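Read-outs: derived from the displayed coordinates by stated rules, not from any lab. On a predicted model such as this, the values are computed, not experimentally measured, just so you know. Counting neighbours? That spans all protein chains shown, and the Cβs are built from the backbone with ideal geometry, glycine included.
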Amino acid sequence: MKGTHEYVDDPRNEAIIIDINGSHFPRHEAKVSVFDSGFVLGDGVWEGLRLHSGKIAFLDQHLDRLFEGAKALDLDIGITRQAMTARLYALISANGMSDGVHIRLMVTRGLKATPYQDPRVTISAATIVIIPEYKHALPETAQVGISLFTVHVRRGYPDIQDPKLNSHSKINCITACIQATKAGADEALMLDPHGFVATCNSTHFFIVRKGEVWTSTGDYCLGGITRGNVIKLCRQHNIPVFEKNFSLMEVYGADEAFVTGTFAGLCPVKEVDGREITNSEKGPVVERLQALYQAMMENETAA
């Protein structure tokens, strides 16, 4: 497997329409400049969105994170939230899409006069790219689960690169993913600077111990939309949930483990560093939370 982002190939994706700065292009004609800030420097912010039953799930939460990240980078997106929403739905309509779609929304600082990091050499408005694709996670991902390997790459302090910023600069996550792949695992488990469990390279990590759901403090990970919604579900349904520091020893001794993300939702973790977490496909808490999350998304998109 290739982690939680392994997907069922769909031939319809060859003919998708992509939005670049409000104009529509066939997939094979969609291009950005080699002088774009995102290409030259990884200077931008992005979101992964899910279209379900004709509606983008939890869009307000995703736009909150996008615009907050852009403000932190002093990046002017150039259009309002309302205009961004209209642009997203216009593209969905142009593609005739209604369900089972994953959308990548990317915003970079724009074109540079020359390949250099200083934002003052930017000579255009922000570049906004929207790529919608028909994507379903592999069914076995949610059923059988994934394996994790704890890597040496840490989630660092916010004064180095704030892990709460969903930027295009993902080299630490990429390096972590490479190490996990070389070790034969599906994804990487990353620690914080103090040696406590932080998150995964592309998803958020939870364990279950004696009926309690634990996840990291959140100090060293992205403010995950699915992560936050799972915590909310636990509190609504009287499942004890704690954001706290915990070590790998407590992970190895967990009754269940799972990861969360926009694309695959909740996915069980079957193994961490060669230690089997569950000897069945998934545990009862994971199964219950999967059902609760699915119902939550149905309610969200039906509203």
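Table for the structure above
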read-out: Filtered residues of segment 197-211 (kept if buried (at least 17 other Cβ atoms within 10 Å of the Cβ) and out of contact with any helix residue (DSSP H, G or I) (no Cβ under 9 Å at 6 or more places or on another chain)); value: Ala198
read-out: Considering residues of segment 1-57 that are β-branched (Val, Ile, Thr) and exposed (fewer than 13 other Cβ atoms within 10 Å of the Cβ) only, the residue nearest to Pro163 (Cα to Cα); value: Val34
read-out: Residue, nearest to Met296 (Cα to Cα), within segment 38-59, restricted to residues that are assigned to a loop (DSSP other than H, G, I, E, B) and not aromatic (Phe, Trp, Tyr); value: Ala57
read-out: Pair list, Cβ < 6 Å and 6+ apart or interchain, from segment 162-188 residues that are crowded, with 17+ Cβ neighbours inside 10 Å to residues that are of a type in the set (S, T, N, Q) and not in a strand (DSSP E or B); value: Cys173/Asn201; Ala176/Asn201; Cys177/Asn201; Glu187/Asn201; Ala188/Asn201
